[in-house]
Amino acid sequence: MSRRLLLYVTGTGLVALALLATHVPAALALRWAHYVAWIVICLVSETMWSASLSGEATWSLAATAGLSAVVLWGPEAGMWIAGLSTLIAELFVQRKPWVRASFNGAQSAMASLLAGLVFAWLGGRSALPLAGGGAVLDRSAATALVLPFAALALVYFALNRAMVALAVAWTTDRTWWRVLREDWLYLAKLEVDAASFLLVPLMVISFTAIGYPGVLLFYAPLFMLFQSDRRFHELKRAEEQNLRNARFAAKGELAAGIGHELNNQLVAITARAQMLLKDAERATFDNAPRHAQIILDQSRRMGVLAKGLMDYTRSQVNVEPMDLNGVLLGTIELVKGDKRFRSVEWDVDLDSQLPELKADVGQIQGVFINLFVNAADAMGESQGRRAIRVSTVLDAAARAARIEVEDTGPGIRAEDLPRMFEFMFTTKKEGHGFGLSTSHRSIENHGGRISVESPQGRGARFTILLPLRGPGAWN
Ligand code: ADP
């Protein structure tokens, strides 16, 4: 820990201790049981957390419960409740290092005190019915509470974020403003903060109206929502893991085939190099240009295969300018190395007027590989003509490129057609049913569409529409 960070963390701790010592709640002897109960409520709230669907932000009911305590029991008691519950939760539930837990306890106590003072100063406490007194807010009191509530949230979140961001900035060597922007000031997080804040008045009203049963009524449905949300996230994670496994399996299988092909070429190159050496020993160079040409051709082909493999195995989403025709030709070259494409004829008709697209080359190439492998599998060892037709054309009206991949296999049964892009739908003995569902997702990621037809008496025909402007474009 750097010196300035140590000073900052120690300073925060000392200021918080001084504030706690000088702001002991006046009604401690009378209300201590309530305070303990609210510490427990805050602790339970810490365990009710969820991640936003984007995975970018997590939120819990901790801030909601802490701010409710500040509103209900005043700034001093609120400071004690928020500070102690944060400290206990971080130390014993989340098991954070004690320095971080103490710092967070301290900053949460300070932010709660200041937010509570501003709330009281704006008349929030006098407009509020007595806690647990069974009173119901009338409309004028509710209106008078809008400003104090907004100020409470604003002060709490501003001070809390500002203080934590400084500690993060000094730990990670980012600027304070950059930490704020990257870690908190983005839509998913702001939505989550707004949700925690908007729940505060509801929690306060439930408690002031019917006391602790009100807190239970408030928590029970949220608890169920959190539970089902957690189950949903677990399922999603499992599904993503399956997809990743399948992609790896497919990559491995393809890589093995390509490795075999690369090895064959290496054998050819080595043989020609040896012949060249022998010729050099005998000082006869008649065949030298032929040997050199073969070495050059094979090396180029190895280069194409190696690049294709590298594009395919790249895992992060990376949108870049893409020459669609070039990617298709490269992918065809790549799969030709695999034995299942041995006797396949390629009928390629590419539109030379196609403009440059914006896309993730690795993902798009993955889609083509899936379609080609499926086509080759469908045609199997058939004695008839085994051919894959690949075409591209510019669809000016849709501002998209239209790609078609058609094979001469047996086609798809009518009852299977609607299930083609279903996750884990397969008719193959060794199949997983991941290829087409992954492809569907990749194309959708790009704002495009993929569909399939199987005309009577012909093979399957897949059509992809890929927008020219790439995923998420504004213009
Ligand atoms: P997998 O190849 O593991 O079965 P996919 O999602 O790639 O998974 O394909 C799902 C199913 O779609 C295949 O099992 C097959 O029944 C069918 N299918 C895909 N492409 C074709 C095709 N070109 N011709 C006939 N059937 C196909």
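Given the condition within 14 Å of the ligand (Cβ to nearest atom) and not hydroxyl-bearing (Ser, Thr, Tyr), answer yes or no: does some residue in the range 397-404 qualify? Checking the range 397-404: at least one residue is within 14 Å of the ligand (Cβ to nearest atom) and not hydroxyl-bearing (Ser, Thr, Tyr).
Within the range 425-438, how many residues are within 22 Å of the chain's Cα centre (by Cα) and either on the phi > 0 side of the Ramachandran plot or modelled with pLDDT under 85 (or both)? Qualifying residue count for the region: 4. Candidates Arg469, Arg461, Arg441, Arg419: the one that is within 12 Å of the ligand (Cβ to nearest atom), modelled with pLDDT under 85 and surrounded by fewer than 20 Cβ atoms within 10 Å (Cβ to Cβ) is Arg441. Filtering the range 119-144 to residues that are assigned to a helix (DSSP H, G or I) and modelled with pLDDT of 90 or more leaves Phe119, Ala120, Trp121.
Here Leu216 meets each of (1) open to solvent by 30 Å² or more (accessible area, probe 1.4 Å); (2) under 24 Å from the mean Cα position of the chain (by Cα) with one exception, condition (2). Across the range 357-387, the qualifying residues are those that are open to solvent by 30 Å² or more (accessible area, probe 1.4 Å), modelled with pLDDT under 90 and assigned to a loop (DSSP other than H, G, I, E, B), and the one among them that is farthest from the ligand (Cβ to nearest atom) is Gln383. Arg181 satisfies every condition listed in (1) closer than 30 Å to Leu91 by Cα; (2) crowded, with 20+ Cβ neighbours inside 10 Å except (2).
Listed here are the residues, each with its yes/no results for (1) hydroxyl-bearing (Ser, Thr, Tyr); (2) open to solvent by less than 40 Å² (accessible area, probe 1.4 Å).
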{"position": "Gly116", "(1), (2)": "no, yes"}
{"position": "Leu128", "(1), (2)": "no, yes"}
{"position": "Leu147", "(1), (2)": "no, no"}
{"position": "Ala169", "(1), (2)": "no, yes"}
{"position": "Ala188", "(1), (2)": "no, yes"}
{"position": "Asp193", "(1), (2)": "no, yes"}
{"position": "Ser196", "(1), (2)": "yes, yes"}
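Can you spot a residue in the range 447-455 that is buried (at least 18 other Cβ atoms within 10 Å of the Cβ) and more than 9 Å from the ligand (Cβ to nearest atom)? Yes, the range 447-455 contains at least one residue that is buried (at least 18 other Cβ atoms within 10 Å of the Cβ) and more than 9 Å from the ligand (Cβ to nearest atom). In the range 283-300, the residue that is most open to solvent (accessible area, probe 1.4 Å) out of those that are within 44 Å of the chain's Cα centre (by Cα) and not acidic (Asp, Glu) is Arg300.
Residues in the range 403-416 that are of a type in the set (Val, Ile, Thr) and either assigned to a loop (DSSP other than H, G, I, E, B) or modelled with pLDDT under 95 (or both): Thr408, Ile412. Every condition in (1) in contact with a Phe, Trp or Tyr (Cβ under 6 Å, 6 or more places away or on another chain); (2) within 30 Å of Val36 (Cβ to Cβ); (3) not small (Gly, Ala, Ser) is met by Val164 except one, and the failing one is (1). Scanning the range 422-433 for residues that are of a type in the set (Lys, Arg) and either open to solvent by less than 70 Å² (accessible area, probe 1.4 Å) or more than 6 Å from the ligand (Cβ to nearest atom) (or both) returns a single hit, Lys429. Taking first residues from the range 394-407 that are open to solvent by 60 Å² or more (accessible area, probe 1.4 Å) and partners that are within 14 Å of the ligand (Cβ to nearest atom), the Cβ contacts under 7 Å between residues at least 6 apart in sequence or on separate chains come to Arg402/Thr463. Identification of helices (runs of 4 or more DSSP H) wholly contained in the range 176-291 with 3 or more residues that are hydrophobic (A, V, I, L, M, F, W, C), in contact with a Phe, Trp or Tyr (Cβ under 9 Å, 6 or more places away or on another chain) and modelled with pLDDT under 85 yields 212-282.
Here the condition is being surrounded by 17 or more Cβ atoms within 10 Å (Cβ to Cβ), in a loop (DSSP other than H, G, I, E, B) and not charged (D, E, K, R); of Leu334, Leu354, it holds for Leu354 alone. Annotation: of all residues in the range 305-324 being surrounded by fewer than 17 Cβ atoms within 10 Å (Cβ to Cβ) and outside any loop (DSSP other than H, G, I, E, B), the one that is modelled with the lowest pLDDT is Thr313. The sole residue among Phe462, Phe421 that is in a strand (DSSP E or B) and touching a helix residue (DSSP H, G or I) at 6+ places or on another chain (Cβ under 6 Å) is Phe462. Residue pairs whose Cβ atoms lie under 8 Å apart, sitting 6 or more positions apart in sequence or on different chains, and linking a residue in the range 451-463 that is under 10 Å from Gly411 (Cβ atoms) to a partner that is of a type in the set (Ser, Thr, Tyr) and within 8 Å of the ligand (Cβ to nearest atom), are Ala460/Ser454; Arg461/Ser454.
The values are calculated or read from the model by the stated rules, or taken from the named source; none is laboratory data. Since the model is a prediction, treat every value here as computed from it, not as a measurement. Reconstructed Cβ throughout: ideal geometry from the backbone, glycine too, with neighbour counts over all protein chains shown. To get the accessible areas, we keep the full protein, side chains included, count just its heavy atoms, and leave off ligands, DNA and RNA. Shrake-Rupley method; radii C 1.70, N 1.55, O 1.52, S 1.80 Å.
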